[in-house]
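What follows is a set of notes on a single structure, which appears directly below.
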Amino acid sequence: MKQLKITETSLRDGHQSLIATRLKTEEIVPILETMDQVGYYAMEVWGGATFDACIRFLNEDPWERLRLIRKHIKNTKLQMLLRGQNLLGYRHYADDIVEKFIELSIKNGIDIIRVFDALNDVKNLEASIKAIKKYKGHCQCAISYTTSPIHTTEYYIELAKTMEEMGADSICIKDMAGVLTPYNAYDLVKKLKKITNIPINLHTHCTSGIADMIYMKAVEAGVDIIDTAISPFSGGTSQPPTESLAVTFSEMDRNPNLDMDKLLEVAEYFKPIRDKYMSEGVLNPKVLLTEPQALKYQVPGGMLSNLLSQLEQQGASHKYEDVLKEVPKVRKDLGYPPLVTPLSQMIGTQALFNVLNGERYKLVPKEIKDYVKGQYGKAPSPIDEEIKKKIIGDVKVISVRPADLLEPEFESMKKEVGDLAKTDEDVLAYALFPQVAPRYLENKYKLKVKEEIENKLIHYITVNM
Ligand code: CO
């Protein structure tokens, strides 16, 4: 049997799941060279939330973070998560933006791009796959895993076949909600291994308390790669701990051969950082608790806590159970979309509206209307006709690839952001996050100018004294 490969997620999903993606670059850099010696297959370090948090909260250049990580990680592959035609944002972008973004991500240090579409509509992956291949990245296509009467093992097998035909170098089963179960994982991996020779990667979350068993069964079925997080950023809504699984699997013929001493060093480094975020309240101990409701309602952990806080703000926390029960109903009405960004937020909001207004679909957010019109791609199964009529009336549903309706937009974005952007990377930051990027870009260059003035002043003083 082949050696099991481990992808370390702490620098993306790990801190995103537990501390709202707040790790700063200065907290990451000092331990990178040690992490590079662990023997991981890859490190996931970049994605939508990392980019967003950098410019929105941390006043950091996300591209600079990537370049710095690359500088210190010489042996291990760097991986990012990409939402297909949505890139790292929440809408569909034109193909020229998709290509530019992928080109620069790879140029700035990314090796593996894990690309997914929330609806598993492969049309929304076309442009990304093409660009990843063009710029010689590793294209990992991810299945957004969910459960429903149409999301059967056979459905996923067909999806994986299509992805491979489209050019996938590997396939990821992305169980973002932690709703996969150990025996289903075994069955799915076993069948995938029969139909394809490209590597299969499994990604899950500990939310519902069964992630370690999922990995155990998947490894027995021959999965090639699993995603784990170093212990201080593991468990709860994050991935299982790297150290524990490295030990577990070292006792079988698929030993991942990670350097245990280095792993412990990495864990010791992150412990006080984790503790700091816990004492500041950024890490809410609640996210570390096991939440089997995720399995019952098929709702991701992050969505559970979001719904609860939205209800609390409305003074309606007693409706929590009702909203949870409404979520699967909305999913059914709308053709069983997987609950992953941005669909999870959209379905959650609709369920909330349905319960709080006392009448279903009386109030419908614009995003749900767009979804019903086909602007996010094809719903996994047909949308209930009556509900569709109630939401969009007689408006025609589009069936082409949504991005085919978009004109190239990079040049117009460049014009729009004007002097604030000094590089193409800056233009992309603006294209992805137009509300927050201007303030971030202003600060970024103001600081630089200030630094330059200070440096000149110091130089002047030292030369002239
Ligand atoms: Co995840």
task = Within the set of other residues whose C-beta is less than 9 Å from the C-beta of Ala185, count the net charge using Lys and Arg as +1 and Asp and Glu as -1.
result = -1
note = Env charge @ Ile55, Cβ radius under 14 Å, K,R +1 / D,E -1, value -1
query = Which entries of Lys133/Lys369; Lys174/Lys389; Lys107/Lys130 show an alpha-carbon separation above 25 angstrom in the structure shown?
reply = Lys133/Lys369; Lys174/Lys389
message = For Val223, Val330, which order do you get if you count the other beta carbons within 10 Å of each Cβ and list the fewest first?
response = Val330, Val223
message = Quick check: net charge around Lys130, other residues with Cβ under 10 Å of its Cβ, Lys/Arg +1 and Asp/Glu -1?
response = -1
key: Geometric extent, Cα atoms of the range 5-279 - Rg, Dmax (angstrom)   = 17.5, 49
key: Size-normalised alpha-carbon gyration radius of the range 168-243, reference 2.2 N^0.38 Å   = 1.03
request  = Take the Cα pairs of the chain, get the Kirkwood Rh, then feed it into Stokes-Einstein at 10 °C and 1.306 mPa s and tell me D in µm²/s.
outcome  = 69
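Readers should treat all values here as calculations from the given coordinates under stated rules, not as data from a laboratory. Model, not experiment: these values are computed from the prediction. All Cβ positions, glycine included, derive from the backbone under ideal geometry; neighbour counts span all protein chains shown.
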